[in-house]
Amino acid sequence: MNNSIQWNNQFLIGNDIIDDQHQTLFKIAQKSNYITDITNIDEQEELLKDILHELYEYVEYHFSQEEALMDDILYIDTDNHKQIHKHMLGELNTLTVEISYSKLSEITAKLNEFVQVVFVKHIKIEDQKISDFIVKN
Ligand SMILES: [Fe+2]
């Protein structure tokens, strides 16, 4: 896996609002790609903390928007999708706690894994289903 976080247009699901928010989310996470450009370790940690905090807040906002949309369109799989969101927010929260006692390289690797594997998989499978549902109904 490439160790820099990168948006790819293959992640587009065809719903402008959701797609825009997913791209914003990547923009926030991508700031972590430059963490090693900083030589001071304390500054690195500060920056990573800020990024995680900003990302958590944005993901929380994005999920609430997506959930409102699902409620709005009477999406069939809403409960399951909300559960997945809850689980993902929990994972992200764990990272914000772990940063105080883990190596920064470990946290960046986990952040990378969260965005590029967990989040991308969620976009491609679960969020795609919402977009398809809107097209069909
Ligand atoms: Fe979602």
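Couple of notes before you dig in:
- Residue-wise HN-Hα coupling along the range 98-108, computed from phi with Karplus coefficients 6.51, -1.76, 1.60 (Hz; x: Gly, Pro): 4, 4, 6, 10, 10, 5, 4, 5, 5, 5, 5
- Legend: ranking of residues H122, H53 from fewest to most surrounding C-beta atoms inside 10 Å; resulting order H53, H122.
- With eigenvalues of the C-alpha gyration tensor scaled by 5 and rooted, the chain, Å: 30, 15, 11
- Considering the range 17-85, its Cα convex hull presents a mean projected area of 5.1 nm².
- The angle separating the long axis of helix 16-30 from the principal Cα axis of greatest extent in the chain is about 10 degrees.
Here, each number is a calculation from the coordinates, and none is a lab measurement. This one's a predicted model, so the numbers in the text were calculated from it and none came from an experiment. Neighbour counts run over all protein chains shown; Cβ positions are idealised from the backbone, glycine included.
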